[in-house]
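The values are calculated or read from the model by the stated rules, or taken from the named source; none is laboratory data. Keep in mind it's a predicted model, so treat the numbers as computed, not measured. As a convention, Cβ positions derive from the backbone with ideal geometry for all residues, glycine included, and neighbour counts pool all protein chains shown. Ligands, DNA and RNA are excluded from the accessible area calculation, which covers all protein heavy atoms including side chains. Shrake-Rupley method; radii C 1.70, N 1.55, O 1.52, S 1.80 Å.
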Amino acid sequence: MSKLALLSVSDKTGLVDFAKSLITEFGCQIISSGGTAQALKDAGLAVTKVAEYTGSPEILGGRVKTLHPRIHGGILARRDIPEDAADLVANNIRSIDLVVVNLYPFQATIAKPGVTLEEAIEQIDIGGPAMLRAAAKNHAYLTVLCNPANYPTYLEQLRQGEPSLEFRRTCAQEVFTHTATYDQAIAQYLTAQTQNLDQAPDQETANPLPQEFSLLGKELQTLRYGENPHQAASWYQTGDQPTGWAAATKLQGKELSYNNLVDLEAAKQLIVEFTDTPAAAIIKHTNPCGVATGSTLVEAYDRAFAADSVSAFGGIVALNRPLDLATAQSLIKTFLECIVAPGCDPEAQAILATKPNIRLLITPDLLIISSNSPEVPPTVKVIAGGFLVQEPEEVFASTKNWQVVTTHQPSPEELRELLFAWQVVKHVKSNAIVVSKNLTTLGIGAGQMNRVGSVKIALEQAGDRSQGGYLASDGFFPFDDSVKTAAAAGIRAIVQPGGSLRDKDSIQAANDLGLIMVLTGIRHFSH
């Protein structure tokens, strides 16, 4: 008897050629449903519709097609169990040898702007996962394919006789990963839709994170190594649709490394803070070493580079405007690992092509981000025996709730300078200090075990440029020593969270020394 294959796919990549080979080379009989059946018929291929095979019409507008004993009995029957064979005969059911299914495009649907909950729910596949899971469970007796990339391998296995158990088991494993990822996308979407419905009356103690959290991904690329050459590493994509860096266009350069991707993510999170005016950020080991705005993009980059030209060597550059000719000419003056921008002019691309090792990435949605966007995922950190999940940092800083606590009040221009420093310090590893002036960083102290050390590093780096400058601290000052050190270096104003039991000492020191001090009421520790 000829082999029986069930084909029902949303992604029709390679479908017609695959089905043609099944029929012409191996004499397979094909049953199919909906759009898949129509596509095969349009290609002139013989196909039996599921409704004809089961004797039951599609109902509920197509919601019920394959949920039938002739389908699932044929998939789940164990061919070496006499009782199963007897059930097939008694119910006029044929064993199905091949199940080819992929699922409704739920993730692509929810990625569309303005999609409604009702539209999303209609793309939750029921019959597809049921068939996939049944076939994967019974892979000892049949083959299940959910990925068009496996079509050629399956055909080659048939040409050699029968698909091997190893191949069938690999395909089954891929199915369970596929359905798990699909279900996770649905669960996360519905959680986001309903997260405010069941919150406790006390909003301050309500936890917006789900009680169960899973993280699944599909390997996108094996990386040369991880943080160090002796560490293996891979890059995984969450979901079926490429997003984030997986969706970026690499115009030139070597393959992205583990450290490149980590630094690129840090660069994106920083540059998105600046949308109103041209800005550039240079990242080194996840910390900014130079950040600036300017009237033009090249001015912003040149200022950022001059802030710490030594550390900029081998850095990651993020730009918030399409890359132009003048900026490209400035960029090629030093060695850089990566450049990312929302666009690139042809003239600029031609200039950068003279430095073929520079990785040039274009991502039009570089600056498209909001607190409700899936592009702002929660932070996940692995620990022994589990992992930690937290909400992402607030997306955009604002002076709305800031409190001026000194006699001297900031002018609108000074407040803008303080906001700039605060936006940058948020992205520096704690303990973090940023010294800036003219909307340009001058000195950055990062990752020190005490705040005094970070203050000294930032001021030493700024040198004489700190005269009339601005200082931001990601955490409060537990003592007034840092305020006195900043004043001695010529700092004009300080922005910090406040909240120390000895805030009054720092405020008094600022008043005594003629400084402006602003408290934000929010802390930006980053580990």
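Here are some notes:
- Pairing each residue of the stretch 88-107 that is closer than 17 Å to residue 33 by Cα with any residue that is of a type in the set (Gly, Ala, Ser) and assigned to a loop (DSSP other than H, G, I, E, B), provided the two are 6+ apart or on different chains, yields C-beta distances under 8 Å for 102/10; 103/10; 104/10; 105/10.
- Selected residue [of a type outside the set (Lys, Arg), at pLDDT below 90, in a helix (DSSP H, G or I) and open to solvent by 80 Å² or more (accessible area, probe 1.4 Å)] from 52, 83: 52
- Of all the numbered requirements in (1) under 21 Å from residue 17 (Cβ atoms); (2) more than 26 Å from the chain's Cα centre (by Cα), residue 137 misses one, and that requirement is (1).
- Subset of the stretch 394-443 (residues that are more than 17 Å from residue 518 (Cβ to Cβ) and of a type in the set (Ser, Thr, Tyr)): 430, 440, 441
- Being surrounded by 14 or more Cβ atoms within 10 Å (Cβ to Cβ), of a type outside the set (Ser, Thr, Tyr) and assigned to a loop (DSSP other than H, G, I, E, B) is not true of residue 88.
- Output for the stretch 489-527, where each listed residue is open to solvent by 10 Å² or more (accessible area, probe 1.4 Å), under 17 Å from residue 430 (Cβ atoms) and hydrophobic (A, V, I, L, M, F, W, C): 522, 525
- Any hit, the stretch 505-527, residues being within 31 Å of the chain's Cα centre (by Cα) and free of Cβ contacts under 8 Å to residues at least 60 places away in the same chain: yes
- A count restricted to the stretch 251-295 and to residues that are assigned to a helix (DSSP H, G or I) and among the small types (Gly, Ala, Ser) stands at 2.
- Residues located in the stretch 327-361, provided they are touching a residue at least 40 places away in the same chain (Cβ under 8 Å), of a type outside the set (S, T, N, Q) and farther than 20 Å from residue 293 by Cα: 337, 352, 353, 356, 358, 359, 360, 361
- Failed criterion for residue 391 (all others in (1) farther than 30 Å from residue 275 by Cα; (2) touching a residue at least 60 places away in the same chain (Cβ under 8 Å) hold): (1)
- Subset of the stretch 412-463 [without any contact (Cβ under 8 Å) to a residue 40 or more places away in the chain, assigned to a helix (DSSP H, G or I) and open to solvent by less than 10 Å² (accessible area, probe 1.4 Å)]: 454, 455, 458, 462
- Filter result (in a helix (DSSP H, G or I) and either at pLDDT 90 or above or hydroxyl-bearing (Ser, Thr, Tyr) (or both)) within the stretch 104-147: 109, 129, 130, 131, 132, 133, 134, 135, 136, 137
- Subset tally (residues that are open to solvent by 30 Å² or more (accessible area, probe 1.4 Å), assigned to a loop (DSSP other than H, G, I, E, B) and not charged (D, E, K, R)) for the stretch 148-186: 3
- Within the stretch 464-497, being in a helix (DSSP H, G or I) and among the β-branched types (Val, Ile, Thr) holds for 483, 485.
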